[in-house]
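Comments concern the structure below.
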Amino acid sequence: MEPLISMTILNPRPVHHPGELLEGEVQIDAVGERVIRSIETTVLWFTEGKGDEDIGVHFFESRQQEDFPDIDLRELHRFSTLLPQSPLSYDGKIVKIRWCVRTRVFLRDGRQALFEEAFVLGDVQSDWSGNLQAETKKPETSDSADATETQPPAEAASESSGPLLNGHPTDGSTTINASS
Amino acid sequence: RLLAAALFSPLWGAANAWMIVQAIQNARVGSVDWLLLTALAPFTAVSIWAVAYLFRQFLFYTAIGPTGVEVSALPMIPGETYQLFVSQVGRIQLKRLEISLVCEEEAQFHQGTDIRKETTEVFSKVLYEGVDVTIVPEQSFEKQFELEIPNGAMHSFASPSNAVSWRICVAVDFPREPGFRRKFPLVVYPKLQEA
């Protein structure tokens with residue numbers, strides 16, 4: 001018989017925000033007491049769309065029966081983690097980013113069972129690109145090059161190649177001077 | 001085009017030079033190769049054209065200087081406004097110059113044994129468009145703008161096979177030559193939210 005995984009996010013809401021505490025509970029039913037070898041609970045993001053799937057694990061917890069011989073792993077177990085600043089859930093044209101809580105149960109006979117609960121992290125507007133494309137701005141045309149007396153911001157630095165963001169942004173202003 | 005001209009011109013010139021040498025040697029021994037002499041004129045004409053074309057391409061590409069892009073702060077945050085400064089140096093006449101803020105999604109995937117990459121533009125905002133722009137060494141093109149990252153926009157993201165990238169794109173068209181696009185990456189962070 002397949003194990004029945006009950007997983008609940010305790011503070012469900014349409015959108016979870018970075019920095020919030022995500023709490024959940026996991027309970028396993030329909031299997032015997034010592035049938036479970038281990039249970040893994042993961043909070044992760046993964047990509048969907050045209051590209052190959054990428055995965056990023058934010059929270060991982062593994063409970064092995066041998067580590068807790070006196071505890072019934074089937075019993076209700078609570079987990080919690082602080083949600084990161086990024087990457088936010090995103091529904092793009094060819095790239096999508098999804099967040100979920102995943103529980104995987106490994107049985108002593110080699111079988112596995114999996115359960116996922118999706119949630120939304122962040123408030124990226126679903127139509128931000130479509131709406132703003134309609135506001136494409138063509139502010140001015142020029143017949144000749146203007147020698148403007150501007151004071152370009154100082155500081156030279158290197159080009160950035162779009163880093164993987166998984167933390168807090170740095171403070172202070174930074175200027176780049178990227179020339180081709 | 002410059003590379004192609006740089007390869008073609010000396011090769012054709014060498015072949016043409018060999019033909020001339022052969023014709024001269026034939027003339028010295030009193031032998032006349034009419035086929036060689038017939039082919040010599042058009043070969044020489046093409047050789048002269050190739051050298052002139054190479055010289056023109058060299059002048060064209062050296063007339064375009066570097067494009068400079070400066071921003072008032074990095075990383076950027078959606079909903080915030082920044083200052084952007086763009087400069088273009090050189091000695092050239094531009095048919096059109098366009099500066100825009102773009103956001104692109106990039107996805108890399110396997111198709112059989114090939115690895116393919118697809119890029120799609122999901123946001124574009126023209127910040128400046130100029131026509132018939134003349135750039136001279138004494139007066140380079142310089143413009144300063146306000147740049148706003150749309151509120152609620154997606155931040156920069158990169159993983160092994162997927163990316164969301166923000167860029168400043170400078171697109172240039174010339175009267176008689178193909179234009180180019182130069183892209184300068186920006187970094188956009190999500191709004192920092194406290195727990």
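The values are calculated or read from the model by the stated rules, or taken from the named source; none is laboratory data. The model shown is predicted, which means the values in this text are computed figures rather than measured ones. As a convention, Cβ positions derive from the backbone with ideal geometry for all residues, glycine included, and neighbour counts pool all protein chains shown. Only protein heavy atoms, including side chains, enter the accessible area calculation; ligands, DNA and RNA are left aside. Shrake-Rupley method; radii C 1.70, N 1.55, O 1.52, S 1.80 Å.
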With axes computed from alpha carbons, what is the tilt in degrees of helix B:2-28 against the longest principal axis of chain B, rounded to the nearest 10 within 0 to 90?
0
Which whole-number percent gives the relative contact order of the stretch B:54-128, counting Cα pairs below 8 Å spaced six or more residues apart?
25
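Rounded to the nearest 100 Å², what's the accessible area chains A and B bury against each other, both chains counted, probe 1.4 Å?
Details: alone 12590 and 12430 Å², together 19330 Å².
Roughly 5700 Å².
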Exposed loop sites here are GluC sites (Glu not before Pro) in DSSP loop states with at most 15 other C-beta atoms within 10 Å. What is the longest stretch of chain B lacking them?
B:1-79
Listed residues B:Leu147, B:Leu11, B:Leu101; largest mean-square fluctuation, Gaussian network over chain B with Cα springs below 10 Å, found at B:Leu11
With the 1.4 Å probe rolled over protein heavy atoms, the protein assembly as shown has an accessible area per residue in Å² of 52
With an 8 Å Cα cut-off and a minimum separation of 6 or more residues, compute the relative contact order for chain B in percent.
22
Rg to Rh ratio, the protein assembly as shown, alpha-carbon atoms and Kirkwood radius?
1.20
Tell me the label-point distance for the pair B:Lys95, A:Glu33, using the 7 Å Cα-to-Cβ offset, in nm and rounded to one decimal.
8.3
Only counting protein heavy atoms at a 1.4 Å probe, give the residues of the stretch A:28-72, ordered by number, whose accessible area falls by 10 Å² or more when the other protein chains are present relative to the chain alone.
A:Trp45, A:Thr47, A:Lys50, A:Gly51, A:Asp52, A:Asp54
Write out the trypsin sites (Lys or Arg not before Pro) in the stretch A:28-79 meeting two conditions: DSSP loop, and at most 14 other Cβ atoms within 10 Å of their Cβ.
A:Arg34
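Report the rotationally averaged projected area of the stretch A:1-72 based on its alpha-carbon convex hull, in square nanometres.
7.2
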Between the helical axis of B:34-63 and the dominant principal axis of chain B, each derived from Cα atoms, what acute angle in degrees is found, rounded to the nearest 10?
30
Are there chymotrypsin sites (Phe, Trp or Tyr not before Pro) in the stretch B:40-144 that DSSP marks as loop and that have at most 14 other Cβ atoms within 10 Å, and which are they?
none
I'd like the Karplus ³J(HN,Hα) series for the stretch B:98-103: coefficients 6.51, -1.76, 1.60, θ = phi - 60°, whole numbers in Hz, and an x wherever there's a Gly or Pro.
10, 10, 9, 9, 10, 10
Under the 7 Å Cα-to-Cβ spin-label approximation, B:Glu177 and A:Leu44 lie apart by a distance in nanometres of 5.1
Probe radius 1.4 Å, ligands and nucleic acids ignored: give me the carbon and sulfur share of the accessible area of the protein assembly as shown as a rounded percent.
53
Counting other Cβ atoms within 10 Å, keep those with at most 11, restrict to DSSP loop, and tell me which GluC sites (Glu not before Pro) in the stretch A:54-85 are left.
A:Glu75
